[in-house]
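Engineer: What follows is a single structure, and I will ask about it in a moment.
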Amino acid sequence: MPDNFHLSGKTFSVVTMGCRVNHYEAEAVAAAMEAKGAVFVPGGGASADITIIVTCSVTSVADAKSRKIVRRARRANPEGALVACGCWAQSASSGEAAEAGVDILVGNRVKSVIPDLLNEWYVTRKFYEKKIDVTKSEEWDNISLDRTRMSTRAFIKVQDGCERRCSYCAVPSLRGQCVSRGYEDIVSEVGRVTSRGAREIVLTGIQLGGYSDGDVSLAGLLERISRVPGVLRLQMGSLEPFAVNEELLRTAADSGVFCPHLHIPVESGDDGVLFSMRRGYTAAEFARIADMTRAYLGDDVHISTDLIVGFPGESEEAFSNSLELLEKISAGKVHVFPYSPRKGTPSAAMERLPGAAVNERTARALELSEKLLSSYAAKWVGRENRVLAENVNDGVASGWNRHYVRVYFPVNRDENAMRGNEFSTEPKISIGSILLCEGADMDMEKIAPYEE
Ligand code: SF4
């Protein structure tokens, strides 16, 4: 009996939470499932035989959301097979998972076992758990892409784990120590997905800047990928400030395909708070990194960032320093996170600020974030914007321009011929963070939020 006997012909859907690494792993698990004869059902519907949830645990809110999505999937499909994998699965106990309705619980670095465990489950119908101590493992999870199924853009995971120890972050305990993938393996994967139509490559990792394969650094990897046929646009996922250096920026600028957008998490603009966060840089150093980024990628470069609000010990003055720094570097998109203590992290033992103060500051930070992104988006009105068409509905296409601003423009040919291709557009107006071209008549309710 073939080893995929029970999986063959079964339908499966994938629900993906969290970061771009999760999005990559969702695609790679789908590729592994289809290689075993299962049939992918787009859209994460509950009607599939199997539901695979790629979970997140970056904050306590993400934890609660993971549990909620798992329970909802179980209620929606009482007889189906339910797999939970990823960071929440890495931290959840088998009892908690089984109680929530999970059949197969798979942690990080071992998602490649999912198809075989499902094949066994169809025989035994008993609960399965597969986890390793990621903090001791140097293994690379053997899953990869043949094509993209869930996104027009191809997220390519090149690195996993993190060797830093920011005082508020639980990710190193969930994702383990820093490991990098062989660059030849990555380059051939990029060749596979571009040969199947992907035009935009987004390099991603947990600590992307930690990438190195022998003497091939992240810059070296970027240079090699920029020469792969079919790569029209190249991007990097979140990049820690200490990883932004001249070699990387110069390589990106010279590549001819790199999109001038960098997401560099600052987390705070106050040196005292940065010190107790153990971030390893000062506000002035971050501002210099932003200047250096502009020097290489142009004044129009989009520098987006993350800000944690209400970290223990953050005074009103410290918070103002954060807002001032965001204005000083003319940030674009700012992802605002109210501080969320993570069990087992050093900052969890620190005295917390009153909830009301955190909420009030979060509202002010969000207000500034909206103002900054709107003024950044407005810069692109009346200029040529090259947009990768991702969604095409009711005669209107939308996608990101090369500076990571969302543009809506009228459909001018067969919708399927548009998806995944790049178009030259000239937006006439900006509304908040989005750009609208003439003829892109649309119901503003349908405007997608500024997310992936
Ligand atoms: S660099 Fe810091 S915030 Fe980022 S994953 Fe590592 S420990 Fe967490």
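The values are calculated or read from the model by the stated rules, or taken from the named source; none is laboratory data. Note that this is a predicted model, so its numbers are computed, not measured. Here the Cβ is made from the backbone with ideal geometry for all residues, glycine too, and neighbour counts use every protein chain on show. Calculation scope for accessible area: heavy atoms of the full protein, side chains included, ligands and nucleic acids excluded. Shrake-Rupley method; radii C 1.70, N 1.55, O 1.52, S 1.80 Å.
Engineer: Give the accessible area for Phe40 in Å² (nearest 10); use a 1.4 Å probe, count only protein heavy atoms, and leave out ligands, DNA and RNA.
Structural biologist: Approximately 30 Å² of Phe40 is accessible to the 1.4 Å probe.
Engineer: Another question about this same structure. Could you list which residues have their amide H under 5 Å from that of Phe40, counting only those 5 or more apart in sequence or on another chain, with H placed in the peptide plane?
Structural biologist: Amide H neighbours of Phe40: Phe12.
Engineer: Give me the percent of DSSP beta bridges within the chain that run antiparallel, rounded to the nearest 5.
Structural biologist: So the antiparallel bridges amount to about 35 percent of the total.
Engineer: Unpartnered cysteines of the chain (Cβ-Cβ under 4.7 Å counts as a partner)?
Structural biologist: For the chain, the answer is Cys19, Cys56, Cys85, Cys87, Cys162, Cys178, Cys259, Cys437, because their Cβ atoms have no other cysteine Cβ under 4.7 Å.
Engineer: Then there is this: Report Val216's accessible area, 1.4 Å probe, all protein chains in place, as a number in Å² to the nearest 10.
Structural biologist: 10
Engineer: In what sequence, highest mean first, do 321-334, 129-142 appear when ranked by Cβ atoms within 10 angstrom?
Structural biologist: Sorting 321-334, 129-142 by mean packing, highest first, produces 321-334, 129-142.
Engineer: Continuing with this model, one more query. Dividing the Cα radius of gyration by the Kirkwood radius, what Rg/Rh value follows for the chain?
Structural biologist: That ratio equals 0.96.
Engineer: Further, regarding this structure: Where Lys and Arg each count +1 and Asp and Glu each count -1, what net charge lies around Ala170 among other residues with Cβ under 13 Å from its Cβ?
Structural biologist: With Lys, Arg at +1 and Asp, Glu at -1, the neighbours total +4.
Engineer: Moving to a separate point now. Distance from the Cα centre of segment 106-134 to that of segment 353-376, in angstrom?
Structural biologist: 42
Engineer: Based on DSSP H runs of at least 4 residues, each adding -39500 (n - 2.57), what is the mean residue ellipticity at 222 nm of the chain after dividing by all its residues, to the nearest 500 deg cm²/dmol?
Structural biologist: Calculated mean residue ellipticity at 222 nm is -10500 deg cm²/dmol.
Engineer: Taking amide hydrogens as modeled 1.01 Å from N in the peptide plane, which residues meet the under 5 Å criterion relative to Val266, leaving out close sequence neighbours?
Structural biologist: Answer set, sorted by chain and number: Asp306.
Engineer: Under a 1.4 angstrom probe, counting protein chains only, how are His263, His23, His302 ranked by accessible area, largest first?
Structural biologist: Putting His263, His23, His302 in descending order of accessible area: His23, His263, His302.
Engineer: Rounded to the nearest 5, what % of DSSP beta bridges with both residues in segment 144-259 are antiparallel?
Structural biologist: 30
Engineer: Whole-Hz Karplus ³J(HN,Hα) for segment 15-31, in order, using 6.51 cos²θ - 1.76 cosθ + 1.60 and θ = phi - 60°, x for Gly and Pro?
Structural biologist: 10, 10, 10, x, 7, 5, 4, 4, 5, 4, 5, 4, 5, 5, 5, 4, 5
Engineer: If the only charges are +1 at each Lys and Arg Cβ and -1 at each Asp and Glu Cβ, what is the size of the charge dipole of the chain around the Cα centre, to the nearest 20 debye?
Structural biologist: Using only the charged Cβ atoms, the result is roughly 800 debye.
Engineer: Another question, then. Counting only protein heavy atoms, what percent of the accessible surface of segment 11-133 is carbon or sulfur at a 1.4 Å probe?
Structural biologist: Exposed carbon and sulfur together represent 55 percent of the surface.
Engineer: Accessible area per residue for the chain in Å², computed with a 1.4 Å probe and the full protein assembly in place, what is it?
Structural biologist: The answer is 41 Å² per residue.
Engineer: Let me ask you something else. List the residues whose amide H sits under 5 Å from the amide H of Ile431, counting only those 5 or more places along or on another chain, with H placed 1.01 Å from N in the peptide plane.
Structural biologist: Leu436
Engineer: Per the 1.4 Å probe, what fraction of the accessible area of segment 144-259, in percent, lies on carbon and sulfur atoms?
Structural biologist: Roughly 43 percent of what the probe reaches on segment 144-259 is carbon or sulfur.
Engineer: At q = 0.12, 0.16, 0.19 Å⁻¹, what is the base-10 log of I(q)/I(0) for segment 46-156 according to the Debye formula with one equal point scatterer per Cα and no solvent? Please give it to two decimals.
Structural biologist: -0.42, -0.77, -1.07
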